[in-house]
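Chemist: Have a look at the structure that comes next, please.
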Amino acid sequence: MEKNHKYPPKYLLILFRWFCHPDFVEDIEGDLLERFEYKRGEKGLSRARWFFFLEILKLLRPGLIRPLFRTNSILPNAMIKNYIKIAFRNMVRHKAFSVLNVAGLSVGIACSILIMIYVQNELSYDKYNEKYERTYRVLGAYGNPSVPSSFEYQVWGCAPVGPALKQEFPQVEDVFRFTSAEPWLIATGDKKFQEENIVFADSTAFDVFSWKMMKGNPETALVRPNTIVFTESLAKKYFGDENPVGQTVIMENKDPFEVTGVMEDIPSNSHFSFDAMISMSTFQSRRPSVFTTWDYVDFYTYFTIKPETDIASIISQIPQVLENHAGNAKNYYNFQIEPVSDAYLYSDALRQPGPTGSLSNIYMFLTVAVFVLLIACINFMNLSTARAVERAKEVAIRKVIGSFRTTLIAQFLIESMVIVLLSGILALFTVILSVPFLEVISGKELSVEWLMSPQFIGIFIGGILLVGILSGSYPALVLSNFKPAKVLKGAFKTSSSGTLLRQSLVVVQFALSIILLVGTTVVFTQLDFIRNYELGYDSQQMLVVDYGWDPKVQKHLKYIKNELLKNEHVEAVAASRAVPGFFFPDAGTKIENEQGEMIMRSPAIYEIDDDFIPTYKMEIVAGRNFSRDFPADSANSLIVNEAAAKLYGYPNPEDIIGKQFDQWNRTGHVVGVVKDFNYVSLHDRIEPLSLRYSTAETTSMLSLRLKSNDISKALASIDSQWQELVPQRPMVSYFLDQNFNDQYEADDRFGSVFSVFSGIAMFIACLGLLGLTIYSTAQRAKEIGIRKVLGASVGQIVRLLSMSFVKLFLIALCVAVPLSWYVMNEWLQNFAYSISIGWGVFAMAAMITLVVSLITMSFKTVSVAVANPVKSLKDE
Amino acid sequence: MGRTNFLGEFEELILTVVLILNDDAYGNTIVSAIKEHQNREVNLSSVHITLYRLEEKGFLQSDMGGATQARGGRRKRYFRITNAGKALLQEMKDARTSLWELTPQLKFSHE
């Protein structure tokens, strides 16, 4: 033999021998080697190897490759037809197994599809925009440049940054700004409502976002001051079927606005939403100074760049923009640019314009989908291997007659494919029927159209093939491996070979079920925990009336408060700019530190009157509340919370009392420290907060603590009183605890979706367990008969049959507990205030699983144990 | 199965080359013969597939033999033309000749 390196690559030869038709291997291989020798002599080794590689590739053609099945004599089509026929006959013969199989699989597949629809919807956010790929938004932050961590970026920013970008960069196509939603009183004819979700918006709205204008001219609708564009549903509310364009509505009881357009409702998969847009020029004519200062925060800025331009060139020149445009603000202001494709799922900026999605929830759901499908596949595998004995004879006979192992594998794979395909079709119907249900529990508008897309059809067919092969491969390999002589001699009685695998699969199934159950329990315990958490104030029976900065209410605030106090149902009344759970701004605030320097920080701000703290039953830990006994309070006093005291360097709240402050054109001394209370959701820690004495013009809400338990009577009485006091404005009210808990809506939804799918997973696992029990009791019918004859009681037999499962269950528990503990601890990291997972959770999940499984098994075990032994022993 | 008596251009070429090479017709010699006589590069894989097809149709027959060092000890598959193959080639040649006879006499003009 010559030295190896002169030969062609060995792996190529191995590959060739594998794919080539066995009849032709020798002579073609000889020819190849001969040509390789020749080429090597002529062109050198490396060229020859390359040539050899190409030759082998060219040999990959239908006439020369090994046939898939060794069916030389019988047409493969006919055999496949036969396999399908056998598959159906088998299904009909074993109805119980078929029903269990198909039910489990179809529910499993349906669940996965539903979860995919949900995930698809989450991923589809904002993609309806034609310029999606080149739309960006500005994130701004104020802080100390020498401390980079002091910059906390938020979407909500100042007005001039957008126009500055447009002016600086020719690549910037359009800039669109809108403000945070504000309540507006809108009236037309006899209709008058307070609308909560109205924004000021630039006239470029329709250039940046692909919202469709139904009536009116998108180019000019938002140009003039005092114009408003309604969404379709709002237009219907006020104008019915009339054409609103050109009509006039009265805003806030005084300003006539012209309706210049009607647009489609904002798509549900948009990361922000509003009901109407008022032209930005309206805002500008009222408060022009806002549009030039870099310190006033009220704008969300979005912009598109021209096609085939690069955002990186803009990002790299941000310092330049600040230098040229921001003036003094460049010393404490900075901004970043974020693609709109990151807005819904990938943004960690603060002050988002709408609810954001959670990537970790998506992963959770996908995990659940995989679990459910896996459990369904395991069912199928277990049931088919368990039945292997019954089919051993069939396999043996087929082999004797001349079937190859490959054709048997093909037969069993086709059989599993038939069942999976059937389940898949059933699953599709289930999905179409249950999408509305999923919409309810997830609170999202889900589109079934996706089911018609090539993408889905591809996934579906691929999934069916995958599940078919996954769940059919093990039975196919096991069954096709039987030795015909052994089977036909009768030496083959039990399928002990598959027992270990079957048991491990059951362990996996129940471990998965327990994990899901622990997950559900933890989610619900946590949700319960945050709802009942001691917030630091009394949120019970607190009615909040939002009068939307109504100047008439502000003017007569004292009188209105006094009148409301006279109501027999009202215990206390306070006025403020914001209440817990509602929107509030941040304020740049300087407070003297221990060294006597004034430090600039940006805590949140509440503007309250002197009744606010007592009405909410908050605790003052140092100093005092605002008081009418100190008339100067309204001009030069400030209260902070404990977190703010710490922020300015006073771990002991007593020490901040009497220090100087400078905030929003007001200077004076800190007079009190209030105990930390949760004014935002418990996902976040309590942040520093300053409480400032409000003037009447800076309030927009009244908080009423109700006395009586008869809420409806109290509401009616307050409402009629309000009609007298404030005839110009309908009363808009919420209960504080309800509104505060609305922040957890997304969590609630997550909890309910999660629990539904966990329940289904459990159900499928039980189906499988039932199938296995039916099978194993049938196998042991004679044993049970003999035991009964020898005097075993029903209870003993049921225990005997259940014990084998209990063992498996205990192993599953050992696997599931640490895994689920780890995963759920990760999830709890989402909350600043969370439960610790105790043993109770695991005990509960384990108990539920065990009890449900034993009940499921008892359907069969009891009937077998009760049965007359004569029946099982009489024949043979 | 009337089409079995029909040969494609490439099949006819291969069949003819096998006839020419007489006792030494196997994959590689056929490729080089075509290169030599027709100056045409053909794929080894297409030669093999055509050979097997012609054998299946009964115009060729093959036997194994002649392992050499250069072939790593692999035997060659020698092809020989069958009587049916010869008859078919003859038939095709005759058919073509009779067709040619029907064409008008070509006159070459001289300048």
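The values are calculated or read from the model by the stated rules, or taken from the named source; none is laboratory data. The structure displayed is predicted, hence computed values, not measured ones. As a convention, Cβ positions derive from the backbone with ideal geometry for all residues, glycine included, and neighbour counts pool all protein chains shown.
Chemist: Return the total of residues in the range B:16-40 being more than 14 Å from chain A (Cβ to nearest Cβ), under 13 Å from the mean Cα position of the chain (by Cα) and among the polar types (S, T, N, Q).
Modeler: Here the count works out to 3.
Chemist: Would you list the strands (runs of 3 or more DSSP E) that sit entirely within the range A:525-633 and hold 3 or more residues that are in contact (Cβ under 8 Å) with a residue 60 or more places away in the chain? Step through it out loud before you land on a result.
Modeler: Details: elements: A:542-546, A:570-576, A:589-592, A:598-601, A:604-608, A:620-623.
Correct list: A:542-546, A:570-576, A:589-592, A:598-601, A:604-608.
Chemist: A follow-up question, please. Output the residues belonging to the range A:128-143 that are modelled with pLDDT under 90 and surrounded by fewer than 20 Cβ atoms within 10 Å (Cβ to Cβ).
Modeler: A:A141, A:G143
Chemist: Right, something else. Does A:F200 qualify as being under 24 Å from A:P339 (Cβ atoms), outside the structural domain of A:F583 (by TED's automatic domain parsing), among the aromatic types (F, W, Y) and in contact with a strand residue (DSSP E or B) (Cβ under 8 Å, 6 or more places away or on another chain)? Reasoning before the result, please.
Modeler: Values: under 24 Å from A:P339 (Cβ atoms): no; outside the structural domain of A:F583 (by TED's automatic domain parsing): yes; among the aromatic types (F, W, Y): yes; in contact with a strand residue (DSSP E or B) (Cβ under 8 Å, 6 or more places away or on another chain): yes.
The answer is no for A:F200.
Chemist: Scan the range A:183-209 and report the pairs whose first residue is touching a residue at least 40 places away in the same chain (Cβ under 8 Å) and closer than 15 Å to A:D275 by Cβ and whose second residue is in a strand (DSSP E or B) and among the acidic types (D, E), with Cβ atoms within less than 6 Å and a gap of 6+ or a chain change.
Modeler: Going by the 6 Å Cβ cut-off, the qualifying pairs are A:P183/A:E196; A:W184/A:E195; A:I186/A:E195.
Chemist: Scan the range A:40-53 for residues that are among the charged types (D, E, K, R) and within 11 Å of another protein chain (Cβ to nearest Cβ) and jot them down.
Modeler: Residues of the range A:40-53 among the charged types (D, E, K, R): A:40, A:42-43, A:47, A:49.
Matches in the range A:40-53: A:R40 only.
Chemist: Does the range B:59-94 hold any residues that are of a type in the set (A, V, I, L, M, F, W, C), surrounded by fewer than 18 Cβ atoms within 10 Å (Cβ to Cβ) and not in a helix (DSSP H, G or I), and which are they?
Modeler: B:M64, B:A67
Chemist: Only residues that are of a type in the set (F, W, Y) and more than 24 Å from A:N665 (Cβ to Cβ): list them for the range A:541-581, please.
Modeler: First, pick out the residues of the range A:541-581 that are of a type in the set (F, W, Y): A:547, A:549, A:559.
The answer is A:Y547, A:Y559.
Chemist: Check A:L373, A:L366, A:L322 and return the single one that is surrounded by 21 or more Cβ atoms within 10 Å (Cβ to Cβ) and either more than 30 Å from A:K131 (Cα to Cα) or at pLDDT 85 or above (or both). Spell out the reasoning first.
Modeler: Values: A:L366 fails: surrounded by 21 or more Cβ atoms within 10 Å (Cβ to Cβ); A:L322 fails: surrounded by 21 or more Cβ atoms within 10 Å (Cβ to Cβ).
Exactly one of A:L373, A:L366, A:L322 is surrounded by 21 or more Cβ atoms within 10 Å (Cβ to Cβ) and either more than 30 Å from A:K131 (Cα to Cα) or at pLDDT 85 or above (or both), namely A:L373.
Chemist: Residue pairs, Cβ under 6 Å, 6 or more apart or interchain, first in the range A:393-404 and touching a residue at least 60 places away in the same chain (Cβ under 8 Å), second not in a loop (DSSP other than H, G, I, E, B) and not aromatic (F, W, Y). List them.
Modeler: A:V395/A:L479; A:A396/A:P484; A:A396/A:V487; A:A396/A:L488; A:K399/A:P484; A:V400/A:P484
Chemist: Which residue, of B:E41, B:E36, is without any contact (Cβ under 8 Å) to a residue 12 or more places away in the chain and out of contact with any helix residue (DSSP H, G or I) (no Cβ under 9 Å at 6 or more places or on another chain)?
Modeler: B:E36 is the lone residue from the list that is without any contact (Cβ under 8 Å) to a residue 12 or more places away in the chain and out of contact with any helix residue (DSSP H, G or I) (no Cβ under 9 Å at 6 or more places or on another chain).
Chemist: Restricting attention to the range B:55-76, which residues are within 12 Å of chain A (Cβ to nearest Cβ) and under 25 Å from B:E91 (Cα atoms)? Even if it seems obvious, please write down each step before you answer.
Modeler: Taking the range B:55-76 first, the residues within 12 Å of chain A (Cβ to nearest Cβ) are B:55-56, B:62-76.
Scanning the range B:55-76 gives B:E55, B:E56, B:S62.
Chemist: Next up: Do we find that A:I686 is modelled with pLDDT under 90 and β-branched (V, I, T) in this structure?
Modeler: It is true that A:I686 is modelled with pLDDT under 90 and β-branched (V, I, T).
Chemist: Could you tell me whether any residue of the range A:859-875 is small (G, A, S) and under 39 Å from the mean Cα position of the chain (by Cα)? Lay out the reasoning, then the answer.
Modeler: Initially, the range A:859-875 is screened for residues small (G, A, S), giving A:863, A:865, A:867, A:872.
From what is left, the residues that are under 39 Å from the mean Cα position of the chain (by Cα) are none.
Within the range A:859-875, not a single residue is small (G, A, S) and under 39 Å from the mean Cα position of the chain (by Cα).
Chemist: Next question. Which of the residues that make up the range A:15-39 are more than 15 Å from A:W50 (Cα to Cα), in contact (Cβ under 8 Å) with a residue 24 or more places away in the chain and facing chain B (nearest Cβ under 8 Å)?
Modeler: A:F24, A:I28
Chemist: Residues in the range A:169-182 that are under 14 Å from A:A276 (Cα atoms) and outside any strand (DSSP E or B): how many?
Modeler: 2
Chemist: Which strands (runs of 3 or more DSSP E) sit wholly inside the range A:197-255 and have at least 3 residues that are surrounded by fewer than 22 Cβ atoms within 10 Å (Cβ to Cβ) and within 38 Å of the chain's Cα centre (by Cα)?
Modeler: A:213-215
Chemist: Another question, then. Here's a check for you: in the range A:376-399, which residue that is closer than 12 Å to A:V506 by Cβ and not hydrophobic (A, V, I, L, M, F, W, C) is nearest to the chain's Cα centre (by Cα)?
Modeler: So the first thing to find is which residues in the range A:376-399 are closer than 12 Å to A:V506 by Cβ, and the list is A:378-379, A:381-383, A:385-386.
Subsequent filtering for residues that are not hydrophobic (A, V, I, L, M, F, W, C) retains A:379, A:382, A:385.
Details: A:N379: 28, A:N382: 33, A:T385: 38 Å.
Among residues in the range A:376-399 that are closer than 12 Å to A:V506 by Cβ and not hydrophobic (A, V, I, L, M, F, W, C), the one nearest to the chain's Cα centre (by Cα) is A:N379.
Chemist: Could you list all residues from the range A:351-369 that are of a type in the set (V, I, T) and in contact (Cβ under 8 Å) with a residue 40 or more places away in the chain?
Modeler: Kept after step one, since they are of a type in the set (V, I, T), are these residues of the range A:351-369: A:356, A:362, A:367-368.
The answer is A:T356, A:I362, A:V368.
Chemist: Quickly run through the range A:430-470 and pick out the residues that are among the polar types (S, T, N, Q), more than 22 Å from A:P355 (Cβ to Cβ) and at pLDDT below 85.
Modeler: At the first step, the residues of the range A:430-470 found to be among the polar types (S, T, N, Q) are A:430, A:434, A:442, A:447, A:453, A:455.
Restricting the remaining residues to those that are more than 22 Å from A:P355 (Cβ to Cβ) gives A:430, A:434, A:453, A:455.
Of everything in the range A:430-470, just one residue is among the polar types (S, T, N, Q), more than 22 Å from A:P355 (Cβ to Cβ) and at pLDDT below 85, namely A:S453.
Chemist: Give the residue that is nearest to B:R75 (Cα to Cα), with candidates limited to residues of the range B:1-58 that are of a type in the set (A, V, I, L, M, F, W, C) and loosely packed, with under 12 Cβ neighbours inside 10 Å.
Modeler: We begin by selecting, within the range B:1-58, every residue of a type in the set (A, V, I, L, M, F, W, C); these are B:1, B:6-7, B:10, B:13-15, B:17-21, B:25, B:30-31, B:33-34, B:42, B:44, B:47, B:49, B:51, B:54.
Subset that is loosely packed, with under 12 Cβ neighbours inside 10 Å: B:1, B:6.
Numbers: B:M1: 34, B:F6: 31 Å.
Per the stated criteria, the residue is B:F6.
Chemist: Is there a residue in the range A:842-863 that is in the same structural domain as A:Q509 (by TED's automatic domain parsing) and not in a helix (DSSP H, G or I)?
Modeler: Keep residues of the range A:842-863 that are in the same structural domain as A:Q509 (by TED's automatic domain parsing), which gives A:842-863.
With not in a helix (DSSP H, G or I) added as a condition, the list becomes none.
The answer is no, given that none of the residues of the range A:842-863 is in the same structural domain as A:Q509 (by TED's automatic domain parsing) and not in a helix (DSSP H, G or I).
Chemist: B:N83: more than 9 Å from every other protein chain (Cβ to nearest Cβ) and at positive phi, yes or no? Before the answer, list the steps.
Modeler: Numbers: more than 9 Å from every other protein chain (Cβ to nearest Cβ): yes; at positive phi: no.
Answer is no for this residue.
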